[in-house]
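Throughout, read-outs are computed from the coordinates displayed, never taken from laboratory work. Note that the structure is a prediction, hence the values are computed from the model and not measured. So basically every Cβ, Gly included, is an ideal-geometry build from the backbone, and we count neighbours across all protein chains shown.
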Amino acid sequence: MKVTIARTVGIAAAVTGVGLLAAPTASAAPEDLSVDIAVEGNAIVMDVAYDVPGAVVCVLNTLPGDGTVPAAIAGPTVVMGGDDGELRATVEPGKYTVQWSCSSIPSFEQWGTAPPLTNGTEDPTTVTVTDTSGPGGGGSSGSPFGS
């Protein structure tokens, strides 16, 4: 599975790295799931693309840099095979650790960080939010019912 992690702050964009993840079972190809983590204004955004039949259920956790209790949780969000999905968590300015997980349906393959997964396929990502407003809107988390 290919995971691209991008960190952007405000208008400036800095893309930092591409990692290749090992899928948890032999039936998954590396390119089945791609995840981009970015900062847009005052929001941490997780873009998900799933390229095979079925679906994935994804969750995004954002923890303050020095904390263990999430500052915001987005999801669960279902992304159908062949489609793209987005999880967005609006936060205050600061440094955050981003944790995420995606589980495929019906095969229940899992990708993401440890935590929340026991056997993560990727390390958590650290991002810095400097804007106090922007595309993130005024909500506190990515509620499936909107704001």
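In this simple spin-label model, placing a label point 7 Å from the Cα along the Cα-to-Cβ direction at both T130 and E92 gives a separation of 2.0 nm.
Ordering 95-103, 62-70 by mean Cβ neighbour count within 10 Å, with the highest value first, yields 95-103, 62-70.
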